[in-house]
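To keep things clear, I will list the structure first and then write my remarks on it.
The values are calculated or read from the model by the stated rules, or taken from the named source; none is laboratory data. Fair warning: this is a prediction, and the values are worked out from it, not measured in the lab. All Cβ positions, glycine included, derive from the backbone under ideal geometry; neighbour counts span all protein chains shown. Protein only, heavy atoms only, side chains kept; ligands, DNA and RNA dropped before computing areas. Shrake-Rupley method; radii C 1.70, N 1.55, O 1.52, S 1.80 Å.
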Amino acid sequence: MRKVVSEMLEEADDIEVIDKARNGIDALRKIETDEPDVITLDVEMPKMDGLEFLQKLPELIGKNIPVIMLSSLTTKQSKTTIKALELGAIDFVAKPSGSISLDIDQVKQELIEKVRIAAGAKSKLAKISKTFSRTLKPVKKRVISTKKITAKPSISTRATGLTKLVVIGSSTGGPRALKEVVTLLPEDLDAAVLIVQHMPPGFTTSLAQRLDKLSDIRVKEAAEGDRLEKGLALLAPGDYHMTIENGQVKLNQNPKVHNVRPAVDVTMESIAYDYNSNTVGVILTGMGKDGAEGMKLIRDNGGKTIGQDEETCVVYGMPKVAYEIGGVEVVKPIDRIAEEIVRMVNS
């Protein structure tokens, strides 16, 4: 696998593989003497696995180096990959057929593109890591000490019986950002929540389970017919667009939008007209422009919108485009987005 992955990467004119490591211990030793711009890391390795490596990397090396995970499509590895993304891995590539994927060339272009994106994010990682470690923990403690953020029913919700709706979209760097937003939302949030994260099948199941375990609100992978409920977050399943009709989830495999499925725009556009001023749109870190038109549509129909700021984004793509076309009303760092969501829901 090391040989095949190396050969794939070196086919790109702008990528040079400077070394290969047999395991995490070997990698840490080599990184100390020859710092790479990007590391590709297998979840399963002898002596030191991917999770332990990610924990040791900043501790022993003292450097923030972007990491792309390689993971097979097993339940165990998908759960491990989600934890790796929480620990700071930039993104991952799913092996097409298990730990030893002789057909891994199927994902060659995806791997090359993600390595390029990771290299571009290298200069931001130290600043982002400081934001997470310095500000998020105090915010969590402060919110807990005041019994989290009290979510009072809004006048419009009481008058119409219509549940307010929060729609969150994210891509590269999203799992870590979602953790920092969703885990700070209060159990009594007076809104239903929809989440669209660009991610393949299987991994969205693990992400939903992980968020549910860490959060006060309930989180589940969306299924056909699920109903919107206050305090419930529904995560679009991998390879399915998620829309809302009459308060119920509808899933489809219509053509990809912006080359992704699920797409943020599809979900946001399905609710913007029906929920208008009762909607809060949120766009987080990610490559490309998915969600920009959906955010603008929400705002044009009276809803409120929040964009993650450039400083705390792993990739300032989706929030940037949304801001540039007028789809973002308020810009906030990742550690202030949850409280802004609650403020908007309550207003």
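Report, by residue number, each residue of segment 259-310 that is under 19 Å from MET199 (Cα atoms) and of a type in the set (A, V, I, L, M).
VAL260, ALA263, VAL264, VAL266, MET268, VAL282, ILE283, LEU284, MET287, ALA292
Would a scan of segment 162-175 turn up a residue that is surrounded by 19 or more Cβ atoms within 10 Å (Cβ to Cβ), under 18 Å from ALA84 (Cα atoms) and out of contact with any Asp or Glu (no Cβ under 9 Å at 6 or more places or on another chain)?
Checked against the condition, which is being surrounded by 19 or more Cβ atoms within 10 Å (Cβ to Cβ), under 18 Å from ALA84 (Cα atoms) and out of contact with any Asp or Glu (no Cβ under 9 Å at 6 or more places or on another chain), segment 162-175 yields at least one hit.
Of all residues being open to solvent by 40 Å² or more (accessible area, probe 1.4 Å) and not hydroxyl-bearing (Ser, Thr, Tyr) in segment 226-250, which is nearest to THR204 (Cα to Cα)? Just the residue, please. Steps first, please.
Filtering segment 226-250 down to residues open to solvent by 40 Å² or more (accessible area, probe 1.4 Å) leaves 227, 229-230, 239-240, 245-246, 248, 250.
Those still in the list that are not hydroxyl-bearing (Ser, Thr, Tyr) too: 227, 229-230, 239, 245-246, 248, 250.
Details: ARG227: 19, GLU229: 20, LYS230: 21, ASP239: 10, GLU245: 22, ASN246: 24, GLN248: 19, LYS250: 17 Å.
Taking the candidates together, the pick is ASP239.
Just one of the numbered conditions (1) open to solvent by less than 60 Å² (accessible area, probe 1.4 Å); (2) part of a helix (DSSP H, G or I) is not true of VAL328; which one?
(2)
With respect to GLY307, is the statement that it is under 18 Å from MET268 (Cα atoms), open to solvent by less than 20 Å² (accessible area, probe 1.4 Å) and touching a residue at least 60 places away in the same chain (Cβ under 8 Å) true? Reasoning before the result, please.
On the way: under 18 Å from MET268 (Cα atoms): yes; open to solvent by less than 20 Å² (accessible area, probe 1.4 Å): yes; touching a residue at least 60 places away in the same chain (Cβ under 8 Å): no.
Spelling it out, it is not the case that GLY307 is under 18 Å from MET268 (Cα atoms), open to solvent by less than 20 Å² (accessible area, probe 1.4 Å) and touching a residue at least 60 places away in the same chain (Cβ under 8 Å).
Given (1) part of a helix (DSSP H, G or I); (2) closer than 27 Å to GLY202 by Cα; (3) open to solvent by 10 Å² or more (accessible area, probe 1.4 Å); (4) touching a Leu at 6+ places or on another chain (Cβ under 9 Å), identify the lone condition not met by THR267.
(3)
Out of curiosity, is ASP216 over 21 Å from VAL181 (Cβ atoms), modelled with pLDDT of 95 or more and assigned to a loop (DSSP other than H, G, I, E, B)?
On the way: over 21 Å from VAL181 (Cβ atoms): no; modelled with pLDDT of 95 or more: yes; assigned to a loop (DSSP other than H, G, I, E, B): yes.
Spelling it out, it is not the case that ASP216 is over 21 Å from VAL181 (Cβ atoms), modelled with pLDDT of 95 or more and assigned to a loop (DSSP other than H, G, I, E, B).
Only residues in segment 106-124 that are within 13 Å of PRO96 (Cα to Cα) count as the first member; pair them with residues that are basic (Lys, Arg), Cβ under 8 angstrom, at least 6 apart or cross-chain, and list the lot.
VAL107/LYS95
Given the conditions (1) open to solvent by 30 Å² or more (accessible area, probe 1.4 Å); (2) assigned to a helix (DSSP H, G or I); (3) within 25 Å of GLN106 (Cβ to Cβ); (4) free of Cβ contacts under 8 Å to residues at least 40 places away in the same chain, which single one is not true for VAL17?
(2)
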